Amino acid sequence: MTEEKRNVEILRNTYAAWHRTKGDPHVWLDILADEIAWGSLADGRPGMEFTRPRATRDEVLGYFEGLAADWSMEFYHVNEFVAQGGRVVALGECSWTYRRTGKTVTIPKVDVWMFENGKVTQFMEHYDTQTALQATQA
């Protein structure tokens, strides 16, 4: 199996578990390196503080705990993977409800993953932050 196929298979299985469990953060921990560059387009903005940059697997768990505290997953679907070398881009759509306002957003999502030796060392998520931030407003 090629590196690209192996990395895509790892992500395909992990995203499926993520969707199936409606957001259990522990499904991600096994694929992460101890040290990781974890980022989000929202970059910790008010209302999305959990999206601040992270540097370790334990800090990434904090990202997921913050996400789960504020948002409830409706669904998370990845429709396509594009892989080259250690990089995998996941293209999909997700839907979340902001717990404090009850507002639901459904947005396209692009996740960029970088693997080294079978573990994720970099992650960056891209999505419509304006729509997500609007859901946090009463």
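Quick note: the coordinates plus some simple rules give every number you see, no bench work behind them. Remember, predicted model here, so these are calculated numbers, not experimental data. Here the Cβ is made from the backbone with ideal geometry for all residues, glycine too, and neighbour counts use every protein chain on show.
Under a cut-off of 21 Å between alpha-carbon atoms, report the lysines in cross-link reach of Lys103, not counting same-chain residues fewer than 8 places apart. Once the sequence-local lysines are set aside, what remains near Lys103 is Lys22.
Compared with the rule-of-thumb size 2.2 N^0.38 Å for a compact globular protein, region 3-135 has a Cα radius of gyration ratio of 0.99. With the simple model of a label 7 Å out from the Cα in the direction of the Cβ, Gln84 to Leu29 spans 3.5 nm.
Positive contributions from Lys and Arg (+1) and negative ones from Asp and Glu (-1), summed over other residues with Cβ under 15 Å from the Cβ of Ile107, come out at -3.
Is it possible to state the helix-based mean residue ellipticity at 222 nm for the chain, with each DSSP H run of 4+ residues giving -39500 (n - 2.57), the sum divided by total residues, to the nearest 500 deg cm²/dmol? What is it? Estimated from H runs of four or more residues: -9500 deg cm²/dmol.
If you look at the Cα atoms of region 38-110, you get an Rg and a Dmax of 13.4, 42 Å.
Of all aspartates and glutamates in the structure, those lying under 15 Å Cα to Cα from Lys5, and not within fewer than 8 positions of it along the same chain, are Glu80, Glu116. Working note: Cα gyration tensor of region 84-138, eigenvalues times five, square-rooted, sorted largest first, giving semi-axes of 29, 10, 8 Å. A cut-off under 12 angstrom between Cβ atoms defines the neighbours of Asn7, and their net charge, with Lys, Arg +1 and Asp, Glu -1, is +1. Over what distance in Å are the Cα centres of region 64-135 and region 1-62 separated? Between the Cα centres of region 64-135 and region 1-62 lies a distance of 9 Å. Seen from Gly92, the other residues with C-beta closer than 10 Å to its C-beta sum to a net charge of -2, counting Lys and Arg as +1 and Asp and Glu as -1.
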